[in-house]
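The numbers here are math on the coordinates, done by the rules we state, and not lab data. Computed from a prediction, not measured in an experiment: that's the story for all the values here. Counting neighbours? That spans all protein chains shown, and the Cβs are built from the backbone with ideal geometry, glycine included.
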Amino acid sequence: MGQPGETRQQWKRGKLGRTEFHLDWRYPQKQYFLSWKENGSQLTLLAKDFGSLNCFSTEFLIDGSTLSLMVSDDQKNVQILYYAPKASESWKGQKLLSRAEFHVGAHVTKFLRLQMLPTSTSAQPGSDKTNRFALLLGTLDGSMGCIAPLDELTFRRLQSLQKKLIDAVPHVAGLNPKSFRQFHSNGKAHRPGPDSIVDCELLCHYDMLPFEHQHEIANQIGTTRSQIISNLNDLALGTSFL
């Protein structure tokens, strides 16, 4: 952490197709999204975050042709922001919008972008997920984690599974993982973002349940045990650089 009143700045660069983007992170409270044009060597401000956000670290998250902005804050949260100039709530593209938010429970001070390894799904002909990256993160308490993109169908399936596991799995000291992972705003006004992140720490308990219980939960969410295990294995394989 810097001294009171001190401003720290960090630049991140990402490239999607032929367009180069820059993320300007300033501590405290500012996040700027810019594009770089080789013709004329021009740096253009596209959008920024208008919220009160004390940033700790930031990085680009790339999923095929989709570019998102990952940021951690002083309340031990991470947020995924995105640029959507055609969305009415973006104020004609001036405002970065929230794609997801998640309470990590530790101060994230570093993100490292790593390309995900091919899986049975991404290796299929015609798949647009070959250009897919995950973010390895490090925290002040010495822990490490990973945030990785999922395709829509897999996400919906695992999200349904997660909701079932909240009640099916005994939790340490009876704590509620759903409540713990909610965004912490420290009393500041905050509009909740989309519920678009699944908690793999909770999902890993699925394979530890009794075999019959696994089948029962899979039937309740309209899928099969083998399909769920396949999705979890693909995620583990894609992030096996850990």
Next on the checklist: For the range 10-238, what does the convex hull of the Cα positions come to per residue, in cubic angstrom?
Outcome noted: 148 Å³
Next on the checklist: Please report the net charge: other residues with Cβ closer than 13 Å to the Cβ of Leu209, K and R +1, D and E -1.
Outcome noted: -2
Checklist outcome for this item: From fewest to most C-beta neighbours within 10 Å, the residues Met116, Met144 line up as Met144, Met116
Checklist entry - For the range 55-116, treating each Cα as an identical point scatterer without solvent, what Debye log10 I(q)/I(0) comes out at q = 0.22, 0.23 1/Å? => result -0.92, -0.97
Checklist entry - So what are the radius of gyration and Dmax for the Cα set of the range 148-242, in Å? => result 14.6, 45
Checklist entry - Can you list residues whose amide H is under 5 Å from Cys146's amide H, if they're 5+ apart or on another chain and H is modeled 1.01 Å from N? => result Leu137
Next on the checklist: Set the bar at 19 Å for Cα to Cα. Now go through Lys110/Lys163; Lys76/Lys110; Lys48/Lys86; Lys37/Lys110 and name every pair that lies beyond it.
Outcome noted: Lys110/Lys163; Lys37/Lys110
Next on the checklist: Give me the percent relative contact order of the range 10-238, please, defined on Cα pairs under 8 angstrom at least 6 residues apart.
Outcome noted: 14 percent
Checklist outcome for this item: Any GluC sites (Glu not before Pro) in the range 158-242 that lie in a DSSP loop and have at most 16 other Cβ atoms within 10 Å would be none
Checklist entry - Which order results if Thr239, Thr109 are arranged by neighbouring Cβ count within 10 Å, fewest first? => result Thr109, Thr239
Item to check | the range 10-238 - charge dipole about Cα centre, Lys and Arg +1 at Cβ, Asp and Glu -1, debye rounded to 20 | outcome: 800 debye
